[in-house]
Amino acid sequence: MAPRRVALVLAGCGVFDGSELHEASAVLVHLSRGGAEVKIFAPNMEQMHVVNHLSGSPTEEKRNVLVESARIARGNIQDLADLKVSEFDAVIFPGGFGVAKNLCSWAVDGKDCTVNNIVKATLQAFHSAKKPIGLCCISPVLAAKVFPGCEVTVGHDKNVDGRFPDAETATAIQELGCKHVCKDVGESHVDSTNKIITTCAFMCKAPLHEIFDGIGTMVGEVLKLA
């Protein structure tokens, strides 16, 4: 069987204003282990803002999402506008606040957010072609916004034991008319109708290896459906 061809879409570099590095890396490791051929993309646009990751505070700097994402891609990256769905079997979006700040405006507007036009067109194209879409951490909100009625997970909808501090995201997803399915960090959810595969990753306060393994279940399901 020919290797599955997967597009990875990044949102910058760094958890507070870009892609979460451990999630992006975990996706790449699991895709490599699964024998997939991967190409990396990011939108060529200015970041919403730049955060000093040591202090946690925004700075006056300006940075470009594609240029910053190239750090994770080791320079081997393309403008998301150039992605051709016909050349791929699946697409995956790691998480990080860059998804909620650069790929859409969820960080500011919550469920009333808008999704970047190129990101939206990319998601719709893979969905129309019936090709799987993998999303982790905060990225499932993209699917919730673009595909009303879809099923996703961002972990649990209640922060019972302190492990799911962002549990209100699940409520917002349901308010968008989507079904939120509660899953633990080591699990993913497959919406087989829409071919959308989601896992909570760092939306759960868990040891890194558990997050890594949970992302592995998502990647595995994406490759299976591809």
query: Can you tell me which residues in segment 88-115 are touching a Cys at 6+ places or on another chain (Cβ under 6 Å) and either at pLDDT below 95 or farther than 17 Å from C13 by Cβ (or both)?
result: C104, S105, W106, C113, V115
message: For segment 205-226: of the residues being not charged (D, E, K, R) and not in a helix (DSSP H, G or I), which is surrounded by the fewest Cβ atoms within 10 Å (Cβ to Cβ)?
response: P207
- request: Kindly indicate which of V141, V108, V99 is surrounded by fewer than 17 Cβ atoms within 10 Å (Cβ to Cβ), within 26 Å of P165 (Cα to Cα), in contact with a helix residue (DSSP H, G or I) (Cβ under 9 Å, 6 or more places away or on another chain) and not polar (S, T, N, Q).
  value: V108
message: As an exercise: evaluate T153 against (1) open to solvent by 10 Å² or more (accessible area, probe 1.4 Å); (2) hydroxyl-bearing (S, T, Y); (3) in contact with a Cys (Cβ under 8 Å, 6 or more places away or on another chain) and give the number of the one condition it does not meet.
response: (1)
message: Quick test of your reading of the structure: F126 fulfils all but one of (1) open to solvent by 50 Å² or more (accessible area, probe 1.4 Å); (2) farther than 28 Å from A206 by Cα. Name the failing condition by number.
response: (1)
statement: Every listed condition ((1) open to solvent by less than 40 Å² (accessible area, probe 1.4 Å); (2) farther than 23 Å from A90 by Cβ; (3) not basic (K, R)) holds for V160 save (1)
field: Selected residue (criterion: most open to solvent (accessible area, probe 1.4 Å)) from residues of segment 20-48 that are out of contact with any strand residue (DSSP E or B) (no Cβ under 9 Å at 6 or more places or on another chain), part of a helix (DSSP H, G or I) and under 26 Å from E87 (Cα atoms)
entry: R33
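Within segment 1-12, restricting attention to residues that are open to solvent by 30 Å² or more (accessible area, probe 1.4 Å) and in contact (Cβ under 8 Å) with a residue 24 or more places away in the chain, which residue is farthest from L66 (Cα to Cα)?
To start, the set of residues in segment 1-12 that are open to solvent by 30 Å² or more (accessible area, probe 1.4 Å) comprises 1-5.
Among the residues that remain, those that are also in contact (Cβ under 8 Å) with a residue 24 or more places away in the chain are: 3-5.
Numbers: P3: 26, R4: 24, R5: 21 Å.
Out of the qualifying residues, it is P3.
Counting only residues that are of a type in the set (G, A, S) and within 20 Å of M218 (Cα to Cα), which one in segment 169-186 is most open to solvent (accessible area, probe 1.4 Å)? Break it down stepwise before answering.
Initial filter on segment 169-186 (of a type in the set (G, A, S)): 170, 172, 177, 186.
Applying the additional criterion that residues be within 20 Å of M218 (Cα to Cα) yields 170, 186.
Numbers: A170: 0, G186: 40 Å².
This residue is G186.
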field: Flag for V190 being touching a Ser or Thr at 6+ places or on another chain (Cβ under 9 Å), open to solvent by 10 Å² or more (accessible area, probe 1.4 Å) and either over 25 Å from F41 (Cα atoms) or not polar (S, T, N, Q) (or both)
entry: yes
task: Of the conditions (1) part of a helix (DSSP H, G or I); (2) within 30 Å of S57 (Cβ to Cβ); (3) open to solvent by 50 Å² or more (accessible area, probe 1.4 Å); (4) in contact with a helix residue (DSSP H, G or I) (Cβ under 7 Å, 6 or more places away or on another chain), D166 clears all except one; give me its number.
output: (1)
message: Checking G155 against (1) in contact with a strand residue (DSSP E or B) (Cβ under 8 Å, 6 or more places away or on another chain); (2) not in a helix (DSSP H, G or I), only one condition comes out false. Which one?
response: (1)
message: Can you list residue pairs whose Cβ atoms sit under 7 Å apart, with the first residue in segment 105-127 being at positive phi and the second being surrounded by 18 or more Cβ atoms within 10 Å (Cβ to Cβ)? Count only pairs 6 or more apart in sequence or on different chains.
response: G110/A172
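The values are calculated or read from the model by the stated rules, or taken from the named source; none is laboratory data. What you see is a predicted model; the values in this text were computed from it and never measured. Positions of Cβ are backbone-derived with ideal geometry, glycine not excepted, and every protein chain shown enters the neighbour counts. With ligands, DNA and RNA removed, areas are computed over all heavy atoms of the protein, side chains included. Shrake-Rupley method; radii C 1.70, N 1.55, O 1.52, S 1.80 Å.
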